[in-house]
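Below: the structure, in structure tokens.
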């Protein structure tokens with residue numbers, strides 16, 4: 001402790017205030033100069049010695065020492081500056097008898113430290129005496145021991161493995177650590193190198209985390225690696241490293257969590273998701289193929305037969321010399337025309353043949369016109385010319401997503417205008433469907449019955465892409481589908497669908 005010189009003091013006045021002494025401490029502090037004259041004391045010292053500070057300032061320290069111990073005290077003062085042994089003895093708490101102002105003798109614990117006293121005339125050497133009641137010290141030691149026992153119990157009973165290492169040597173390990181490593185008890189781990197317990201591939205990452213922790217970084221990312229149990233089994237673990245405060249720059253604590261089961265379950269879950277996604281993709285492709293086949297048969301087979309039947313009926317009417325406006329003949333021809341139109345509409349709804357014959361843009365243009373005609377909504381298509389053709393999977397998926405988006409807008413958005421954009425952006429093909437309606441609810445993707453949106457997201461994920469929903473500041477909503485162009489090209493049409501991340 002090095003007091004700073006207070007402003008405005010006379011040149012021969014050394015710190016006759018207690019501004020630099022702890023005022024809220026339960027320990028008593030006495031500041032004396034090289035002549036053993038009291039130049040400062042804190043409130044705890046006033047209470048312990050029974051004398052106000054202003055009356056104690058300028059008094060010789062002997063005033064607070066019983067007469068029978070004063071000669072020994074003088075010898076200790078002389079030896080403090082010249083004898084390392086005396087200084088060592090007084091640098092730790094030792095019991096002695098002090099004299100209160102009312103003549104009562106009390107037992108205190110004392111520790112003495114050298115300090116520098118500042119004044120306007122310069123600096124001099126002095127001493128800081130710290131006094132503590134032995135009862136208080138005992139209470140503190142007992143309280144500290146209780147806290148230590150509780151902390152040790154917390155470490156010992158913690159369900160996760162914890163060890164403390166000095167440099168790389170384990171100096172403490174709890175029971176969970178012993179169980180994790182397959183050791184008979186925690187003592188079997190003490191004294192061993194942490195790198196002996198961890199797999200070699202994990203050493204570099206753990207060493208780097210230890211260096212960062214000891215350098216003072218407060219946020220240290222846990223390390224994933226492997227440890228080797230006593231029976232040779234290799235476990236996957238996650239190691240969190242943190243420095244121990246007040247233990248220099250060598251000791252760290254590590255929390256080691258066994259994530260072997262978690263990793264295996266995550267891998268199994270991922271495999272299941274991949275299998276389900278492939279199954280879903282195959283079901284979608286099979287359904288689209290069936291739709292294509294039925295649409296072709298309706299258009300080619302049934303449509304042609306109905307057309308031939310109409311021609312035969314017309315010829316039959318002419319052979320029977322029926323007039324063109326004969327009610328029965330006219331009714332049958334009208335019924336055939338309506339049936340033929342229904343067949344063509346069903347065929348187109350199943351799968352527009354122009355999607356196969358003329359491509360995605362033509363099919364969506366037809367879909368936009370039909371939606372405008374049926375629903376009374378202005379639908380505009382803005383499509384950039386692509387450098388490469390889209391494969392059948394992507395064309396079908398985009399058409400179905402536009403079809404579903406227009407159906408949702410017609411049912412729920414209360415919109416009067418819709419804009420559809422299809423354009424490449426860097427290495428992505430982006431489809432956006434925007435409207436001026438009421439927008440999307442916050443839980444649009446999670447709410448019960450939102451199978452249309454879920455199906456669109458699943459189609460996007462099958463192709464390694466993502467789907468996102470947003471509400472526009474000016475009103476309305478926007479649906480955005482982003483697909484990788486390398487999956488959308490014709491040459492990539494036979495690849496398996498990938499495993500995309502969560503589009504949200």
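The values are calculated or read from the model by the stated rules, or taken from the named source; none is laboratory data. What you see is a predicted model; the values in this text were computed from it and never measured. Quick reminder, even Gly has a Cβ in these numbers, built from the backbone with ideal geometry, and neighbours come from all protein chains shown.
Remarks
- Residue 72 vs. criteria assigned to a helix (DSSP H, G or I) and under 13 Å from residue 100 (Cα atoms): no
- Residue match in the range 118-125 (condition: buried (at least 16 other Cβ atoms within 10 Å of the Cβ) and modelled with pLDDT under 85): yes
- Unmet criterion (only one of (1) surrounded by 15 or more Cβ atoms within 10 Å (Cβ to Cβ); (2) at pLDDT below 85; (3) more than 37 Å from the chain's Cα centre (by Cα)) for residue 410: (2)
- Here 390, 350, 355 are screened, and the one residue that is modelled with pLDDT under 75, surrounded by 12 or more Cβ atoms within 10 Å (Cβ to Cβ) and touching a helix residue (DSSP H, G or I) at 6+ places or on another chain (Cβ under 6 Å) is 350.
- Residue match in the range 272-294 (condition: outside any helix (DSSP H, G or I) and within 60 Å of the chain's Cα centre (by Cα)): no
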